[in-house]
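Peer 1: Just passing along the structure, written as structure tokens.
The values are calculated or read from the model by the stated rules, or taken from the named source; none is laboratory data. Source: prediction; values computed, not measured. A quick note on method: Cβ atoms are made from the backbone with ideal geometry, for glycine too, and the neighbour counts reach across all protein chains shown.
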Amino acid sequence: MNRTQADSGQEGSAGSGEKMDPELKQTVDSIRDYWDARTLGVQYVSDPTLERGTPEYFDHIRPWMNPYKFPWIMERIESESALLKGRHLLEIGCGMGFDSLEFLKRGVRVTATDLTPAAVATTKRHFEIEGVEAEDVREANALELPFEDESFDAVWANGVLHATGDTARAIREVRRVLRPGGRAIISHFYRKPSWMYTVSRLGRENIEHKDEDPPVNEFYTDPEILEMFEGFEIESAVREHHRALPVAKSGIKAVLYRWGFRPVYNLLPESVARRYAYKLSVTAVKPKDSGT
Ligand SMILES: C[S@@+](CC[C@H](N)C(=O)[O-])C[C@H]1O[C@@H](n2cnc3c(N)ncnc32)[C@H](O)[C@@H]1O
């Protein structure tokens, strides 16, 4: 029995008992198929001779991943690790495991999970190469987490919950598996109105992968997101990614974006541009005196 199961006092599945209807199940299956073929990070490998799962492979991808590309994510990992050292964090949707790795390096106990077998296998290999040991690395669906109530001191999900098919339910699951006083650190949700929402809708552009977007990638207003945190105390809700990013695409729309929209938009003062940031990161605490 691994430590997660021991902690929760139960082997295998737990869950809220909330049923998934057939339509939601089908959506989750299509999301699994999509991400299983496209673990976040593979799109940055252009050299076909670079073998998946080698140290060189992870070295090549690392600079493109959130904590290394966006300093505020690494700062968040650092400040949370200082609070959570020796405590047990669940990562939902770990992808290749870069975020979990940074928590592990800072002394946080981590259970890393993802919906897809490919992500789980890649994360296991990644941890092996880095010489770190997680409590567990396993498949788990955010909508029916296979953990007992009140199993974790913190839950981290980075770019995941808005892509699960039922964001509100995923947040209810986060709350369920948190101990009273536990921290939900959700970096990030996609927000609207935002420059990314407008550009992707007007240009019908894929956001995640060039060939195709995931079956679900919801954008919400800030009040819609915060409303989903019922039963939590919101510690912070921060708008991020307010500057328009460079793109590596070609074609007329890319030219218009590169030479028209982006330079003009990026001249806006920060106070204005931040209103149209495309991500909202929320840190929320399950109150100490709350029930499950
Ligand atoms: C945009 S990627 C982010 C990966 C990782 N957090 C990162 O930042 O590198 C979204 C991830 O969410 C996972 N995911 C999607 N739906 C999920 C669900 N219902 N339960 C758990 N993970 C899910 C996908 O498999 C994918 O790995």
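Peer 1: Going by the structure shown, is ASP166 surrounded by fewer than 22 Cβ atoms within 10 Å (Cβ to Cβ) and within 12 Å of the ligand (Cβ to nearest atom)?
Peer 2: yes
Peer 1: Additional query: Could you give every pair whose Cβ atoms fall below 6 Å, whose first residue belongs to the stretch 61-85 and is touching a residue at least 24 places away in the same chain (Cβ under 8 Å), and whose second residue is surrounded by fewer than 16 Cβ atoms within 10 Å (Cβ to Cβ) and part of a helix (DSSP H, G or I), counting only separations of at least 6 or pairs across chains?
Peer 2: From residues that are touching a residue at least 24 places away in the same chain (Cβ under 8 Å), the pairs are ILE61/TYR44; ARG62/TYR68; PRO67/MET74.
Peer 1: Mind telling me which of the residues VAL216, VAL120, VAL155 ends up being buried (at least 24 other Cβ atoms within 10 Å of the Cβ), within 13 Å of the ligand (Cβ to nearest atom) and not aromatic (Phe, Trp, Tyr)?
Peer 2: That would be VAL155, the only listed residue that is buried (at least 24 other Cβ atoms within 10 Å of the Cβ), within 13 Å of the ligand (Cβ to nearest atom) and not aromatic (Phe, Trp, Tyr).
Peer 1: Which one is farthest from the ligand (Cβ to nearest atom) among residues in the stretch 31-49 that are modelled with pLDDT of 90 or more and in a helix (DSSP H, G or I)?
Peer 2: ASP33
Peer 1: Checking PHE261 against (1) aromatic (Phe, Trp, Tyr); (2) farther than 28 Å from TRP35 by Cα; (3) not in a helix (DSSP H, G or I), which single condition isn't satisfied?
Peer 2: Every listed condition holds for PHE261 apart from (3).
Peer 1: Something else: Looking at SER290, SER281, SER271, which one is under 30 Å from ILE171 (Cα atoms), touching a residue at least 60 places away in the same chain (Cβ under 8 Å), of a type in the set (Ser, Thr, Tyr) and not in a loop (DSSP other than H, G, I, E, B)? Explain how you work it out, then say what you get.
Peer 2: Numbers: SER290 fails: not in a loop (DSSP other than H, G, I, E, B); SER271 fails: touching a residue at least 60 places away in the same chain (Cβ under 8 Å).
Matching residue, one of SER290, SER281, SER271: SER281.
Peer 1: From LYS210, LYS253, which residue is in a loop (DSSP other than H, G, I, E, B) and at pLDDT below 85? Explain how you work it out, then say what you get.
Peer 2: Working: LYS253 fails: in a loop (DSSP other than H, G, I, E, B).
The unique qualifying residue is LYS210.
Peer 1: Checking the structure you have, find out if any residue of the stretch 190-207 is β-branched (Val, Ile, Thr) and outside any helix (DSSP H, G or I).
Peer 2: To start, the set of residues in the stretch 190-207 that are β-branched (Val, Ile, Thr) comprises 198-199, 207.
Filter again for outside any helix (DSSP H, G or I), leaving 207.
For the stretch 190-207, residues β-branched (Val, Ile, Thr) and outside any helix (DSSP H, G or I): present.
Peer 1: Right, ALA112: assigned to a strand (DSSP E or B), touching a strand residue (DSSP E or B) at 6+ places or on another chain (Cβ under 7 Å) and not aromatic (Phe, Trp, Tyr) or not?
Peer 2: yes
Peer 1: I need the full set of residues from the stretch 115-142 which are closer than 22 Å to SER81 by Cα and not in a strand (DSSP E or B), in order please. Give the derivation first.
Peer 2: Let us first name the residues in the stretch 115-142 that are closer than 22 Å to SER81 by Cα, namely 123-124, 126-138.
Of everything in the stretch 115-142, those that are closer than 22 Å to SER81 by Cα and not in a strand (DSSP E or B) turn out to be THR123, LYS124, HIS126, PHE127, GLU128, ILE129, GLU130, GLY131, VAL132, GLU133, ALA134, GLU135.
Peer 1: Then there is this: Out of the residues in the stretch 20-30 that are part of a helix (DSSP H, G or I) and aliphatic (A, V, I, L, M), which is nearest to the ligand (Cβ to nearest atom)?
Peer 2: Selected residue: VAL28.
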